[in-house]
1. Does residue 40 satisfy the criteria of being at pLDDT below 95, of a type outside the set (A, V, I, L, M, F, W, C) and in a helix (DSSP H, G or I)?
2. Give the residue, chosen from 124, 132, 115, 98, that is surrounded by 10 or more Cβ atoms within 10 Å (Cβ to Cβ), under 51 Å from the mean Cα position of the chain (by Cα) and either assigned to a helix (DSSP H, G or I) or at negative phi (or both).
Amino acid sequence: MQIIENVALISINETIFVQLISFLIFMYLIDRMMFRPLKSTMSEREGYIENLGREVEDKAQETAEILKQLKERELSVISEAHSLRIALEEEGERKASEINAGLLEMIAGLRQQTEKTVSAQIREAKKSLETESEKLAVSIMEKILDRRLG
């Protein structure tokens, strides 16, 4: 080997080929030991992320479907509640009219009973009024005639 005494940045001699071969072996080893496993790990991670993205989209679709079903169920429950409310209102009106009819019958019965009682009291008052008026008339006639009748 010959040593060249040049003050240059790069000197071309036999060592450059050895360095080139060493560099290529280094690149091969780095590729095998580091870059390929790193690339496979990165591709696995990308696949995992894509899979997660698909799962998120699927869950979003499932959520949208569940929300749609809930909305439909809510509408059916509201409709059912509305029909139940109408049925309860009709039943309440029917019961109210029955109660009202019963009360009207009770009022009519009480009215008849009161009318009978009032009629009986009026008859008694007329009788007592008749007897009183007869006594009063006799008393007036006695005073007018100055004598006692009967």
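The values are calculated or read from the model by the stated rules, or taken from the named source; none is laboratory data. From a predicted model like this one, the values you see are computed outputs, not experimental measurements. Here the Cβ positions follow ideal geometry from the backbone for every residue, glycine too, while neighbour counts run over all protein chains shown.
1. On the way: at pLDDT below 95: yes; of a type outside the set (A, V, I, L, M, F, W, C): yes; in a helix (DSSP H, G or I): yes.
Against the criterion (at pLDDT below 95, of a type outside the set (A, V, I, L, M, F, W, C) and in a helix (DSSP H, G or I)), residue 40 qualifies.
2. On the way: 124 fails: under 51 Å from the mean Cα position of the chain (by Cα); 132 fails: under 51 Å from the mean Cα position of the chain (by Cα); 115 fails: under 51 Å from the mean Cα position of the chain (by Cα).
Testing whether each residue is surrounded by 10 or more Cβ atoms within 10 Å (Cβ to Cβ), under 51 Å from the mean Cα position of the chain (by Cα) and either assigned to a helix (DSSP H, G or I) or at negative phi (or both) leaves just 98.
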